[in-house]
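Before any comments, here is the structure.
What follows is calculated from the coordinates using simple rules that are stated; it is not laboratory data. Just so we're clear, the structure is a prediction, and the values are computed from it rather than from any experiment. Note that we place each Cβ from the backbone using ideal geometry, even for glycine, and neighbour counts take in every protein chain shown.
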């Protein structure tokens, strides 16, 4: 179930290309000092950004305004600079080869810069999702955790679809997802999830996003622990359903390790 929602969260390649290619060309011409192409590609890049922002305005994406220790490791902060540095270094090396035609040099520079922009845009898009997964891991590794009640597990089982959608986007422990985006991700009309959300809040499994964000939701630490316990029980066959229950895939979620 969780993996099914993850499949819906892949950023469209068309949107990535629409921005990465002209932006890569802009950076390549900037490095070459060709001012007329710089202006032209700058305008094209700005238009491309506008088109993509409009296309992705309803795309389910979590966010947070509160950063904590461990959310973004120092090495992760250096990676964007490393990507840009590598692309500019590659461009400089191409320019220094006199035997290469100018057109080939520029094309190679454009390709390097576009690849770097693609990587940076993709990483920027999923940054909050990764933060949510890191917070999940810290909750599971904590020594002092609340006990999950049978009532919470019952509510979780009944409304597992909602938890799975929030879990897939990384809306965990303060990383929030707008209610309208949750409805969109799950294929419901606005307001159709009112009762499931109310029940999950009452059980302490999800919470409002905070002051000024009452239309946003996040899975609580208790919700994370409940998901973990429910998935473990399913894998062990405690409830008789084997490993194909509604939360299958939560305990062995690999997204944290993949993005760390």
Original post:
Of the listed peptides 169-178, 61-70, what is their order by residue-averaged count of other C-beta atoms within 10 Å, with the highest listed first?
Top reply: 169-178, 61-70
Subject >> Listed peptides 186-195, 219-228 by packing density, highest first (mean Cβ within 10 Å) >> reply: 219-228, 186-195
